[in-house]
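Every read-out reported here was derived from the displayed coordinates using simple, explicitly stated rules and does not represent laboratory data. Remember, predicted model here, so these are calculated numbers, not experimental data. Positions of Cβ are generated from backbone atoms using ideal geometry, with glycine treated the same way; all protein chains shown enter the neighbour counts.
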Amino acid sequence: MRRALFAIALTAALPFCHDALAGDAVLAESLFRQGRALMDKGDFTAACPRLSESYVQDPSTGTLLALAFCQEHLGQTASAWASYAEVVTRSKREGHVDREQAARERADALEAKLSRLTIHVSADVAATPGLATATGKEPWSLTVNIGKELDAETVTVPPLSALPATALTPAPIPADAPPPSESRPFSTLQTVGLATAGVGVIGLGASLVFGLRASSLNKDSNSDGHCTPTTGCDAYGFEKRSDAASAADTATILLIAGVGLTATGATLFILGSSKRSESARVNATPLVGPGLAAVTVRGQF
């Protein structure tokens, strides 16, 4: 059942996203030239997004180096440092010694400006069972404000305080309370599985919508000569290509999250059919963000 559901989800969603998700070298080159022209004019605010999108379409080391330079002049110190560091790694692998040296010098210069947060956990505190969510302990949190550059903060995690005894004692059951039901249509684990799969199916449906939109916008950009391999894209073609790329990125995130949640829900439902699932505790958390789409499942089966 789980394999069939996973295969259906991929088969249904991928054909609509293929054209829009593929790297577009023509769009990448057009965006790169626009970004360089804007940097020459000192407009780094407008240049950086174009260079970033160019790198998404065609992840070349030269584009990443230009993006790092743009980020540095825009005051995005941490992002620029990370980009320069990646250029160093890629240039070394590609055998571009001059580029590697130039990127290393900029990365070293920016590293001295980075702000740092140090989290100190003593050995006694680290030995607390289940430290992140320790059973029977008071939750602890701290808000730290860190400067943009040349700031350093240290946070020390204190020993966790025990919860009050009243918080650990279950509430008494009234004498006249009806006995708990001996049967229910689904176990706790099956209910969680159905809910998780339902969210996944919704995500897959939304992925299809954005995939169709991305494909349509990409076709519009190529119509009537708005984008060609020789001349690049005019204003209308660039707008449509950019909108298509954004829709395709959204479709990708929704597809990955939808497939993951649907497969996870099916797995939980199957596991919930066993008798052991009556005492199971499960926490399924989707993680979606830029460049990231996943599902974490924690629990006791």
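Structure notes:
- In this simple spin-label model, placing a label point 7 Å from the Cα along the Cα-to-Cβ direction at both residue 93 and residue 149 gives a separation of 3.0 nm.
- Within the same chain, aspartates and glutamates fewer than 8 places from residue 113 are excluded, and of the rest, those with a Cα less than 17 Å from its Cα are 72, 105, 149, 151, 153.
- Length available on full extension from residue 60 to residue 156: 0.36 nm per residue minus the Cα-Cα distance, which gives 30.4 nm.
- Cβ-derived FRET efficiency at R0 35 Å, residue 117 paired with residue 138, nearest 0.05: 0.95
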